[in-house]
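Worksheet for the structure shown next.
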Amino acid sequence: MNTDTLRKKYLDFFAKRAHKVIPSASLVPTDDPTVLFTSAGMAQFKNEFMGQVSDFNRAVSCQRCLRTDDLDRVGVTACHHTFFEMLGNFSFGSYFKEEAIQWAWEFLTEELKLKSEVLWVSVYQDDGEAYAIWSKKVNFPKERIVRLGAKDNFWPANAIEDGPNGPCGPCSEIFFDYGFDVGCKKPDCKPGCSCGRFVEIWNLVFTQFNRVSKGVLEPLPNKNIDTGMGLERMASVLQGVQSNFEIDIFRPIIKAILDYRLLTIDYRLINAIADHARAVVFAIYDGVIPSNEERGYVVRKLIRKSGFHGYTLGIKEPFLYKLTPIVADIFFGVYPELKAKAKNIAEVINTEEKNFISVLKDAPRILKSEFKDNLSRLSTAGHTAFKLYDTYGIPLEITKAWAKENGFEINEEEFNQDLEKQKERSKKSSKISQGIFTGSALISKLEETKFSGYQKLSLKEARILKIIKAGEGVRSVGAGEACEIVLDKTSFYAESGGQVGDQGRIIKGNSVFEVEDTRKEGKVYLHRGRLAAGKLKSADLVNCQVDYSRRKAVARAHTATHLLQASLRQVLGSHIQQAGSLVEPDRLRFDFIHSDKISAENLKRVEDLVQEKILAGLEISLRQMSLKMAKKSGAIALFNEKYEDKVRLVDIQDFSKELCGGTHLDNSSQVGLFKIISEGSIAKGVRRIEASTGKAAWEAYRQAQEIIAKLIDLTQSSEDKVLALLEDKFKKLGNLEKEFSRLRLELFKRDTAELAGKSEVIKGSSLICSQYQDVDMGLLRQLSDLIKSRVSSYALCLGSSEAQKAWLTVSVSADLVDKGLDAAKIIKEAAILIEGSGGGRANMAQAGGSNPAGLDKALEKFKEIIRQKLM
């Protein structure tokens, strides 16, 4: 049975049993501060698990997931992955253990035709109910039911003693038995043994408790079911292979890797590359761009890890990006949009690969510079190795191999200590919260906040349901105290879809709570701020007053964002797709998929078109409709956004149609002014426009007008003549600078003759160094040519400081190149000392840096290298 068939059978089986089929959520969690990536099927159902009402109480999904907990085991074992798909059926107070267990058994034995004798099950040691269902209702042999402890059969593992607080419960796992010939071959081998004979294929979690403290569990009012079946692992069982990497959806990727001329065949590395290719493609598909922070850092790390594996196998060129269309073809039936995005995804990966290959090629020089003396090699080798890994991305394996060639070893314990410290720093600085259900114990029993802020900004008699201070529920707060307030209803818009949350006031008599931000956890709104005066307590009736002018300014920016996207699609093409956005009062940032630089002419066309539609006074209609009808009408939807069946369509008189839950204007004319502030690339294939609207746009225009007025006054000109006058002055200034450079060169000619005559001679070759002030790179090269014309065999280095910049040129005569000197390699070592980089050819190279104070050391470094080579 191929993987696509398995996926469909599972979804269809539970759909027939009144489960709503929910599409996979994005790998980037929505409104979930607990994780970097979606790592489990239940992730998108946290609101339902926390008791918040939705339009279904049974669900089934096939969720794409990404985990890096066991990164070093990926490729080494048969079943560890970073990217995988998780099949799951869920109940939110609908059915419980009996149905979950019986349906699991029915699906495995009747739908998938697995023989009962190859299956074992485990239950939590104290879960007599699950044991009885398996043994009596299913008639499963008791000798193949194993009782395991809280580490193996409780979710989260060891939660009763170790936490975290929140929903939890016992598990029952189903195992496939590969038989006596696999694993340890002990007669008493059974699930729980790590020998590999038994592989877990399905985990049934019975979420029936709320942990409130160590060893204290309270029954949940609604008992839930959360099951997980790894698609790849189940496919390996059905396809008769013992490794997930041998199943149908991996074979094309692995074949493509094997098609390269590899120096060695190591399936641990090949499998890891195949896994990472899928992870990287889907992460970028879901909008994660490689970077040095959080999600972007994970993607960069996976690309670099794959690149190093390829390098080890003998692939010395970018290759991972070429696997993108193969991944897109494999998943076309499930994610058809992936194929349309494959080109842009491949470009992003290719750029990262090229950068990493440059690092690998430059590694020997960097290593030589870092380990420049025996003291650093002996005392801080492990710490230095980590610095190189962290700063340049040089893998530990390369540093270890280089160290071995140079007669010393890297202290891996030091390296790992620094790695752990970095992880701790990342946790502290990260916005990612710890725990599975952050705040769930505080708001799990609260009903959905009723939002009326689309229609009105003020609201009377809202009731305070909960006050949260420093992560703990409190009964009341006094003047000056910061907290979060949960109301039964609100007019405050909570941050969502890139739009910032509302600010304003919550008032009861003389008690005033200043709302600084509004966010939501699931469907519960959190009003964050500080009590300016008085006292508030739970159950108080209060009035809400949203800051009107700020809300209006945000609406101007949000409506303008829709106009901008429609204009971009009209001017540049329908391939334009949103990759991210930020909507603030009269300011917006819009990230979009587009591979080419936008010309000044097209950018002007976009800006003009937005302003044209503003002046046209287009009516804006906001309508609720079914998701199917909205898409049929041509509305733009974010491909990785999770939508409910009923959606909100924002229609700007047929010029723009988007699914959007944000706040908007009634008419496009209310935007007032629109001005693009900047446009540029933020990653390969992703560009960003920042713009202002309303008052902010007017301020930008006013400032521009003030600058023009000052220039007119300065030049004693008029508005229609000032530009031509300035162009003429700059042209004359340019001519004067050229003449000045020519005269300086004439003066320097005398110095060059003297410099050549006073050079240090080593075995018939001239070693020449000199430093200049306020000389740019062009003039520095001319001086270099003059000196070279006066000597036949030379090694020449000239340096210059100009403002806050430093320049270097290195030239080597042909006879010294033949002896092994290379200007390009030499300048890279010297450039480090001016905090810069450079390159060139063997006979001539140049570099620039940001540290002019390091020029003396750079020139000394040059002399040191030449003397070592020639003496």
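What do you reckon, is Asn57 without any contact (Cβ under 8 Å) to a residue 40 or more places away in the chain and surrounded by 18 or more Cβ atoms within 10 Å (Cβ to Cβ)? Here the answer is yes, as Asn57 does meet what is asked. Can you find a residue that is in a strand (DSSP E or B), over 23 Å from Val241 (Cβ atoms) and modelled with pLDDT under 95 anywhere in region 94-114? No: zero hits. Among the conditions (1) polar (S, T, N, Q); (2) farther than 20 Å from Glu860 by Cα; (3) loosely packed, with under 11 Cβ neighbours inside 10 Å, Gln773 misses just one, which is (2). If you go through region 645-682 and keep only what is part of a loop (DSSP other than H, G, I, E, B) and not acidic (Asp, Glu), you end up with Gln653, Phe655, Cys660, Gly661, Gly662, Thr663, His664, Leu665, Gly672, Leu673. When you scan region 183-192, do you find a residue that is surrounded by fewer than 20 Cβ atoms within 10 Å (Cβ to Cβ) and in contact (Cβ under 8 Å) with a residue 24 or more places away in the chain, even just one? Yes, region 183-192 contains a residue that is surrounded by fewer than 20 Cβ atoms within 10 Å (Cβ to Cβ) and in contact (Cβ under 8 Å) with a residue 24 or more places away in the chain. Residues that are more than 18 Å from Cys168 (Cα to Cα) and buried (at least 19 other Cβ atoms within 10 Å of the Cβ) are absent from region 90-98. Considering region 559-578, the residues that are polar (S, T, N, Q) and outside any loop (DSSP other than H, G, I, E, B) include one that is surrounded by the fewest Cβ atoms within 10 Å (Cβ to Cβ), namely Gln570. Contact annotation: residue pairs with Cβ atoms under 8 Å, 6 or more positions apart or on different chains, pairing a residue in region 805-834 that is within 10 Å of Ala847 (Cα to Cα) with a partner that is of a type in the set (Val, Ile, Thr) and at pLDDT below 90, are Trp807/Val775.
Would you call Asn271 free of Cβ contacts under 8 Å to residues at least 24 places away in the same chain and over 17 Å from Cys65 (Cβ atoms)? When the stated conditions are applied, Asn271 does not pass them. Between Leu659, Leu711, Leu665, the distinction of being open to solvent by less than 80 Å² (accessible area, probe 1.4 Å) and within 30 Å of Ala340 (Cβ to Cβ) belongs to Leu659 only. Taking helices (runs of 4 or more DSSP H) as the structural unit, those lying wholly within region 128-170 and holding at least 2 residues that are under 14 Å from Val205 (Cβ atoms) and open to solvent by less than 60 Å² (accessible area, probe 1.4 Å) correspond to 150-153. Considered as a group, the residues in region 608-635 that are under 26 Å from Arg64 (Cα atoms) and in contact with a Leu (Cβ under 7 Å, 6 or more places away or on another chain) include one that is surrounded by the fewest Cβ atoms within 10 Å (Cβ to Cβ), and that residue is Ala635. Restricting to region 673-694, and then to whatever is over 23 Å from the mean Cα position of the chain (by Cα) and surrounded by 15 or more Cβ atoms within 10 Å (Cβ to Cβ), can you tell me which residue is nearest to Ala25 (Cα to Cα)? Looking at the filtered set, the residue picked out is Ala691.
Of all the numbered requirements in (1) surrounded by 22 or more Cβ atoms within 10 Å (Cβ to Cβ); (2) closer than 20 Å to Arg144 by Cβ; (3) within 33 Å of the chain's Cα centre (by Cα); (4) not acidic (Asp, Glu), Phe245 misses one, and that requirement is (2). Here the condition is being closer than 16 Å to Leu767 by Cβ and buried (at least 21 other Cβ atoms within 10 Å of the Cβ); of Ala831, Ala847, Ala858, it holds for Ala858 alone.
In region 323-348, what residues are assigned to a helix (DSSP H, G or I) and under 16 Å from Asp275 (Cβ atoms)? Leu323, Thr324, Ile326, Val327, Ile330, listed by residue number.
The C-beta contact set for region 455-483 (first residue farther than 20 Å from Tyr493 by Cβ and free of Cβ contacts under 8 Å to residues at least 40 places away in the same chain, second residue of a type in the set (Asp, Glu) and in a strand (DSSP E or B), distance under 9 angstrom, 6+ apart or interchain) comprises Lys469/Glu484. Looking across Gly839, Gly799, one residue alone is touching a strand residue (DSSP E or B) at 6+ places or on another chain (Cβ under 9 Å), surrounded by fewer than 16 Cβ atoms within 10 Å (Cβ to Cβ) and under 26 Å from Lys368 (Cβ atoms). It is Gly839. Elements of the type strands (runs of 3 or more DSSP E) sitting completely within region 455-557 and holding at least 1 residues that are open to solvent by 60 Å² or more (accessible area, probe 1.4 Å) and at pLDDT 95 or above: these cover 458-469, 504-508, 511-521, 524-533, 535-537, 541-546. If you check Phe415, Phe386, Phe408 for being more than 18 Å from Leu320 (Cβ to Cβ), of a type outside the set (S, T, N, Q) and more than 30 Å from the chain's Cα centre (by Cα), only one passes: Phe408.
Annotation for region 397-411: at least one member residue is in contact with a Gly (Cβ under 8 Å, 6 or more places away or on another chain), surrounded by fewer than 20 Cβ atoms within 10 Å (Cβ to Cβ), at pLDDT below 95 and over 28 Å from Gly661 (Cα atoms). Assessment of region 591-602 against the conditions (within 21 Å of Thr30 (Cα to Cα), outside any strand (DSSP E or B), open to solvent by 50 Å² or more (accessible area, probe 1.4 Å) and modelled with pLDDT under 95) yields no matching residue. Is region 10-27 home to any residue that is open to solvent by less than 40 Å² (accessible area, probe 1.4 Å) and assigned to a strand (DSSP E or B)? The answer is yes, given that some residue of region 10-27 is open to solvent by less than 40 Å² (accessible area, probe 1.4 Å) and assigned to a strand (DSSP E or B).
The values are calculated or read from the model by the stated rules, or taken from the named source; none is laboratory data. Computed from a predicted model, the values in this text were never measured in an experiment. Glycine also receives a Cβ, built like all others from the backbone with ideal geometry; neighbour counts cover every protein chain displayed. Quick note on the areas: whole protein, heavy atoms, side chains included, nothing else; ligands and nucleic acids left out. Shrake-Rupley method; radii C 1.70, N 1.55, O 1.52, S 1.80 Å.
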